[in-house]
Amino acid sequence: LSRQWSASLDLRFGTRRGQTVLLQNTHRGPLRLIKALKSDGEAPSGPGGPSRVDAMIVHPPGGLAAGDSLRLRIDLEEGARVRSSTPGSQKWYRGRASASTHIQVARGAQFEWLPQPSIVYDGAFVDQSLRVDLDADCAMMGSECLVLGRRSMGERFAKGWLRQSIRINRAGRPVWQESTDAGADAPLWGASAGWAGRVVCASVWAIGGYRATWDDAALVDQWRAALATSSETDAGRHARLLGGTTRMASGIVLAKILGDEADTVAELAQQLWALARSPVLGASAQAMRIWAT
């Protein structure tokens with residue numbers, strides 16, 4: 001008999017004596033925080049503030065199979081600064097499974113959501129959602145990346161379903177909402193207004209508060225230049241990279257990247273993150289050590 005996992009993890013971070021600290025770590029089933037350590041190479045390049053914490057979240061089974069469900073909630077109290085990632089890709093195996101993430105960021109806090117790409121196997125029926133609720137005066141950077149099939153093994157996403165939603169609210173009002181609800185044979189994957197025949201799609205975003213003073217128009221120009229340059233490299237041409245970026249509203253910049261190679265797309269997403277970290281968060285673009293493993 002196959003075993004079905006239902007797992008949840010609730011994390012809460014706050015500040016104590018100028019340090020970001022973990023205040024709650026409650027888990028059920030195989031979804032856990034394995035580390036919450038001072039950020040790699042922490043070296044603020046702007047005004048000082050509480051220390052920054054790297055939170056590593058792991059799902060020990062490594063993937064979701066039929067009947068599995070994951071629920072993650074992360075809350076940042078006022079002033080907390082947290083960067084969160086995963087040690088490996090989340091795999092969606094055959095069958096129906098679900099995963100939901102809810103992030104809440106309070107006034108003056110900074111949060112970075114940087115999970116590794118998720119891989120959707122042939123025959124998977126995916127229900128994945130991300131909801132972010134931001135205070136009017138906080139900052140967030142994040143990325144989400146999906147890979148359809150295992151191209152290196154000659155597998156494509158030929159059967160199954162993908163239901164994915166991303167919703168980000170600031171001060172109770174939606175600033176970005178996106179949803180996909182399509183079967184493996186849907187025209188969306190080949191359409192120029194969809195995935196354009198690519199098998200990897202990443203979203204990258206940078207969001208400041210209403211009173212943010214960073215130059216979001218300049219960041220749009222930097223991201224566009226990085227996307228254009230990357231698409232002209234040998235790796236970019238091999239991966240058939242496509243990308244674009246836009247200013248959604250004041251202090252909100254979004255980029256989309258399409259391609260055929262997960263590593264190439266992920267590296268480009270990290271490059272955009274690095275360009276934005278100093279202006280948006282006032283922190284140096286020190287990569288997480290886990291990204292190099």
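What to note about this one:
- Per-residue accessible area (protein heavy atoms, 1.4 Å probe) orders Trp161, Trp189 as Trp161, Trp189, starting from the largest.
- Computed over the range 173-293, Cα set: Rg, Dmax in Å: 15.3, 45
- Distance between the range 70-123 and the range 223-293 - C-alpha centres, whole angstrom: 19 Å
- Relative contact order (%) - the range 114-217, alpha-carbon pairs under 8 angstrom, separation at least six: 32 percent
- By average C-beta atoms within 10 angstrom, highest first, the peptides 279-287, 199-207, 18-26: 199-207, 279-287, 18-26
- Over the chain, DSSP H runs of length four or greater, each weighted -39,500 (n - 2.57), average out per residue to a 222 nm ellipticity of -4500 deg cm²/dmol.
- Ala106 sits among other residues whose Cβ lies under 13 Å from its own Cβ, and their net charge, with Lys and Arg +1 and Asp and Glu -1, is -2.
- Where only C-alpha atoms are counted, convex hull volume of the chain per residue in Å³: 124 Å³
- Computed over the chain: relative contact order in percent, which uses C-alpha pairs under 8 Å that are six or more apart: 14 percent
- Chymotrypsin sites (Phe, Trp or Tyr not before Pro) within the range 207-293, DSSP loop, no more than 13 other Cβ atoms inside 10 Å: Tyr210
- Two-site FRET efficiency, Arg94 against Glu267, from Cβ-Cβ distance with R₀ of 30 Å, rounded to 0.05: 0.55
- Note on the chain: with neighbouring protein chains present and a 1.4 Å probe, carbon and sulfur make up 49 percent of its accessible heavy-atom surface.
- Placing unit charges on each Cβ (+1 for Lys and Arg, -1 for Asp and Glu) gives the chain a dipole about its Cα centre, and among Ser89, Leu33, Ala218 the Cα reaching farthest toward its positive end belongs to Leu33.
- Rounded to the nearest 20, the Cβ-based charge dipole of the range 79-135 about its Cα centre (Lys and Arg +1, Asp and Glu -1) stands at 120 debye.
- Relative contact order (%) - criterion: Cα under 8 Å, at least six apart; region: the range 1-131: 24 percent
- Only lysine pairs 8 or more places apart or on separate chains count here, and in the chain those with Cα atoms under 27 Å apart total 4.
- Test item: Cα-centred dipole of the chain, Lys/Arg +1 and Asp/Glu -1 on Cβ, debye: 680 debye
- The distance between label points at Ser192 and Lys35 comes to 4.6 nm (points 7 Å beyond Cα on the Cα→Cβ vector).
- On a per residue basis, the range 58-179 carries 39 Å² of accessible surface, using protein heavy atoms and a 1.4 Å probe.
- Highest to lowest packing among 77-86, 29-38, scored as the average C-beta count within 10 Å: 77-86, 29-38
- With a cut-off of 15 Å between beta carbons, the residues surrounding Leu275 carry a summed charge of -2, where Lys and Arg count +1 and Asp and Glu -1.
- Simple Cβ-charge dipole of the range 158-224, Lys/Arg +1 and Asp/Glu -1, about Cα centre, in debye nearest 20: 200 debye
- Options Ala202, Leu70, Cys145, ranked by Cα towards positive dipole end of the chain, top entry (Cβ charges): Leu70
- Selection from Val53, Thr246, Trp176 lying farthest towards where the dipole of the chain points positive, charges on Cβ: Val53
The values are calculated or read from the model by the stated rules, or taken from the named source; none is laboratory data. For clarity, every value in this text was computed on a predicted model and none was experimentally measured. Reconstructed Cβ throughout: ideal geometry from the backbone, glycine too, with neighbour counts over all protein chains shown. Ligands, DNA and RNA are excluded from the accessible area calculation, which covers all protein heavy atoms including side chains. Shrake-Rupley method; radii C 1.70, N 1.55, O 1.52, S 1.80 Å.
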